[in-house]
Amino acid sequence: MEIKKVFVVGAGLMGGGIAQVCAQAGIDVILNDVWSVGKFIEKGKVQEDLEQIMSRIESTVDYERVTEAGLVIEAVFENLELKQKVFREIDGLARKDAVIATNTSAIPISELASVTARPERVLGLHFFSPAPMMQAVEVIRGIATSDSVFATAKAFVLQIGKEPIMVNRDVAGFVINRINFPSAIEAMRLVEQGVATVKEIDKGLRLGSGRKMGIF
Ligand SMILES: NC(=O)c1ccc[n+]([C@@H]2O[C@H](COP(=O)([O-])OP(=O)(O)OC[C@H]3O[C@@H](n4cnc5c(N)ncnc54)[C@H](O)[C@@H]3O)[C@@H](O)[C@H]2O)c1
């Protein structure tokens, strides 16, 4: 299924960035938040006219227009109760063939899918911050996610010019954060123990491990 319109719930740091990425890829976006702010303008190195890209993004304070979207991406605060409430409401309105995704960093996909009547159409689409700059998007399979939904989400990530990182199981931290967080803790321990300074560690990781931003 080709995604032609995306409904993003939560127009914060991540939701705004995700909307921008979709619009740059020629996809229409309806951006939903509890207040109607359009404060997501960011000047990227794009070929297309800024106004033309921004004209693909509309904003709304309610969920009624979720019926128009083939893909819904939830990016509200990292809070289980809030996300489950959003998922229940979206499930009641979204098209039967819609894919419902969460951008959660740490909440199990299956705990969100379980409050819907269609857990097979729910999965994780984990963008990294800042979304317009970061190429990787983890595509995370929940316990019940169907093969076709997993494949549709992968195709969508390619459609918006990003690289899908396919995560076959809904485990804590998924893949990238699961690897990054223990390294970050180890780096903090090394600073605490006086082994090296923040500056030296970041320089070392930039020059020795190819990490563009270091770890701090
Ligand atoms: N910030 C990051 O680096 C990062 C990276 C990857 C994933 N995430 C995940 O993305 C999600 C959003 O994070 P963020 O950093 O963009 O947060 P944020 O605080 O910048 O934005 C959250 C937005 O959700 C809106 N919101 C709250 N309740 C809502 C509701 N009921 N309906 C619609 N909108 C609502 C808020 O008004 C706010 O604009 C979280 O699950 C977070 O874990 C964050």
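Readers should treat all values here as calculations from the given coordinates under stated rules, not as data from a laboratory. These figures come from a predicted structure and were not determined experimentally. All Cβ positions, glycine included, derive from the backbone under ideal geometry; neighbour counts span all protein chains shown.
Data table
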read-out: Where a label projected 7 Å from the Cα of residue 147 along Cα→Cβ would reach, residues of region 87-117 with amide N under 14 Å; value: none
read-out: The chain shape via C-alpha gyration tensor axes, a/c threshold 1.5; value: prolate
read-out: Cα centre as origin, Lys/Arg/Asp/Glu Cβ charges: the chain dipole, Debye; value: 520 debye
read-out: Spin-label pair residue 155/residue 207, simplified geometry with 7 Å Cα→Cβ offset, distance in nm; value: 4.8 nm
read-out: Considering only the chain, percent of DSSP beta bridges that pair antiparallel, nearest 5; value: 15 percent
read-out: Ranked packing of 182-192, 158-168, 142-152, 9-19, most packed first, by mean Cβ within 10 Å; value: 9-19, 142-152, 158-168, 182-192
read-out: Above-threshold pairs, the threshold being 23 Å between Cα atoms, out of 154/212; 96/154; 5/96; value: 154/212
read-out: Stretch gain in nm, segment residue 82-residue 4, where the contour uses 0.36 nm per residue and the Cα spacing is subtracted; value: 25.4 nm
read-out: Built amide H within the under 5 Å cut-off of residue 59, gap 5+; value: 31
read-out: Computed helical MRE - 222 nm, the chain, DSSP H runs ≥ 4 contributing -39500 (n - 2.57), nearest 500; value: -11000 deg cm²/dmol
